[in-house]
1. Determine the shape class of segment 16-130: with a ≥ b ≥ c the square roots of the Cα gyration tensor eigenvalues, call it rounded for a/c under 1.5, and otherwise prolate if a/b is greater than b/c, oblate otherwise.
2. Does anyone have the angle between helix 40-130 and the longest principal axis of the chain? Alpha-carbon axes, 0 to 90°, nearest 10?
3. Taking the chain as the reference, fit the longest principal axis to its C-alpha atoms, fit the long axis of helix 2-36 to the helix C-alpha atoms, and give the angle between the two in degrees, 0 to 90, nearest 10.
4. Could you calculate the contour length gain from residue 24 to residue 61, that is, 0.36 nm times the residue separation minus the distance between their Cα atoms, to one decimal place in nm?
5. So what's the back-of-envelope 222 nm ellipticity for the chain, counting only DSSP H runs of four-plus at -39500 (n - 2.57) apiece and dividing by all residues, rounded to 500?
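Bear in mind these aren't lab numbers, they're just calculated from the coordinates by the rules spelled out. Here the structure is a predicted model, which is why all the values come from computation and not from measurement.
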C-alpha cells in the first residue's frame, strides 16, 4: 500500500516540478532579455555582438569555399596531367608500332621484289635457252 502511495505521489509531483522548472527558465530568459534590451546601449551592444558573429560566420564560409575551390583545382590539374601523360604514352606507343609495321612492310616488299626479279630473270633465261 505504501508503495502505491509513493507511485501516486510521483505521478503528480513530476509534472508539477517540470512545469515549475520550465516557468523559472522562461522567467529567467525574459528577465535576461529585458536587461539586455532595456537601454539603447544594451541594444547596440547586442547588435555589435550579432554583427561580429555574422562576420565570423562569413569569414569561415569564405575560407571553406576557398579551400574547396583550391582542392577542386588541384584535383583537376592532377587529372589533366594524368590524361595528358596517358595520351602522350599512347601516341608514342602507336608511333613506335607504326614505324615497326612500316619497316616490316618495307622488308617484305624488298624480299618480294627480289623474288619477283629473280623469277623474271630465271623465266627470261629459260625462254632464251629454249629459243
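1. Working: a/c = 15.59, a/b = 5.68, b/c = 2.74.
Taking the square roots of the gyration eigenvalues as a ≥ b ≥ c, segment 16-130 is prolate.
2. That helix lies at roughly 10 degrees to the long axis.
3. 80 degrees
4. Details: separation 37, 0.36 × 37 = 13.32 nm, distance 3.75 nm.
Residue separation times 0.36 nm, minus the Cα-Cα distance, leaves 9.6 nm.
5. Numbers: 2 runs with 126 residues, N = 131.
Value at 222 nm, helices only, nearest 500: -36500 deg cm²/dmol.
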